[in-house]
Amino acid sequence: MITKEVHTFRTRTEARIKIATWITDFYNTRRLHSVCGFKSPIDYEREYRATLAEGLAA
């Protein structure tokens, strides 16, 4: 089942701010990126930091 959320904004500025916030906070951090090996940026950074920690521990 597909649901659609409808938002009503009082001004264009409010709409732009809400959309930009959604893109930067949700979409770009969770979607899969080909440059990251088709991982989300969050998962890629976690894996990268774990690799660094392993290298420091060795």
Note down all Cβ pairs under 8 Å where the first residue falls in region 38-58 and is among the acidic types (Asp, Glu), the second is surrounded by 10 or more Cβ atoms within 10 Å (Cβ to Cβ), and they're at least six residues apart or on different chains.
43/36; 47/39
Hey, does region 17-33 have a residue that's in a loop (DSSP other than H, G, I, E, B) and either under 21 Å from the mean Cα position of the chain (by Cα) or modelled with pLDDT under 85 (or both)?
yes
Which of the residues that make up region 1-16 are part of a helix (DSSP H, G or I) and of a type in the set (A, V, I, L, M)?
15
The listed residue being open to solvent by less than 90 Å² (accessible area, probe 1.4 Å) and in contact with a Phe, Trp or Tyr (Cβ under 7 Å, 6 or more places away or on another chain), out of 53, 15
15
Taking only region 34-50 into account, find how many residues are open to solvent by 80 Å² or more (accessible area, probe 1.4 Å) and assigned to a loop (DSSP other than H, G, I, E, B).
1
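The values are calculated or read from the model by the stated rules, or taken from the named source; none is laboratory data. All values derive from a computational prediction rather than experimental measurement. Please note: Cβ atoms are built from the backbone with ideal geometry, for glycine as well, and neighbour counts cover all protein chains shown. Ligands, DNA and RNA are stripped out before the accessible areas are found, and what is left, the full protein with its side chains, is counted by its heavy atoms. Shrake-Rupley method; radii C 1.70, N 1.55, O 1.52, S 1.80 Å.
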